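What follows is a structure written as structure tokens; I'll ask about it next.
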Amino acid sequence: DFKSKNVLLKNDLTAVLADFGLAVRFEPGKPPGDTHGQVGTRRYMAPEVLEGAINFQRDAFLRIDMYAMGLVLWELVSRCRAVDGPVDEYMLPFEEEIGQHPSLEDLQEVVVHKKMRPVFKDHWLKHPGLAQLCVTIEECWDHDAEARLSAGCVEERIAQIRKSVNGTTSDCLVSIVTSVTNVDLPPKESSI
């Protein structure tokens, strides 16, 4: 269940992944309990998950996570000030298109049938670092699971962006992470 709410920051701003919504408690000598029917958050589901066409292999799950990674990166970019552009109010992926609490059918229509993705603002594309990051995001959320970038490739690209653009991009990304994960933000979405 990879989503922005499951990315936590340590005191030194190192990001760590967590998934408390689907966590199961294991106690010695006791069965784990019923875990049937647990699924991730609809909004972050890859097209193949929304279609019910999942290949239950490790690589397929990694590609599903990379789709969600693209949405989380979009959330980060959406909170960044690029050049003289504004910092927009925080919005969930697809919130502008289908609201805060979309149905499975809404997401199937938008993500699978119309192949829509969250929109990149024009001022993001004018900033060299953010423009490069937007290309990476597009390749993370590709409709074709096989075409999606690996986590290692995304890590390399972000490292290249940080080197190629003066300090403003990395500073911006750090401030975005802080904004998006700020505990003062009201929760907008819960798991299904």
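Just to check your reading of the model, which residue among Val49, Val7 is farther than 23 Å from Arg79 by Cβ, within 20 Å of the chain's Cα centre (by Cα), modelled with pLDDT of 85 or more and of a type in the set (A, V, I, L, M)? Break it down into steps so the answer makes sense when it comes.
Working: Val7 fails: farther than 23 Å from Arg79 by Cβ.
Of the residues listed, the single one that is farther than 23 Å from Arg79 by Cβ, within 20 Å of the chain's Cα centre (by Cα), modelled with pLDDT of 85 or more and of a type in the set (A, V, I, L, M) is Val49.
Follow-up. I need every pair where a residue in region 1-22 that is closer than 13 Å to Met69 by Cβ has its Cβ under 8 Å from the Cβ of a residue that is modelled with pLDDT of 90 or more and of a type in the set (Lys, Arg), sequence separation at least 6 or different chains.
Lys3/Arg43
Out of curiosity, is Gln57 more than 30 Å from Ala131 (Cβ to Cβ), in contact with a Leu (Cβ under 8 Å, 6 or more places away or on another chain) and at pLDDT below 80?
Details: more than 30 Å from Ala131 (Cβ to Cβ): yes; in contact with a Leu (Cβ under 8 Å, 6 or more places away or on another chain): no; at pLDDT below 80: yes.
Here the answer is no, as Gln57 does not meet what is asked.
Which of the helices (runs of 4 or more DSSP H) contained wholly in region 101-141 include at least 3 residues that are buried (at least 18 other Cβ atoms within 10 Å of the Cβ) and at pLDDT 95 or above?
Details: elements: 104-107, 122-125, 128-140.
Correct list: 128-140.
The values are calculated or read from the model by the stated rules, or taken from the named source; none is laboratory data. Bear in mind that the values here come from a model prediction, so they are computed numbers and not experimental data. For neighbour counting, all protein chains shown are included, and Cβ atoms are generated from backbone atoms with ideal geometry for every residue, glycine included.
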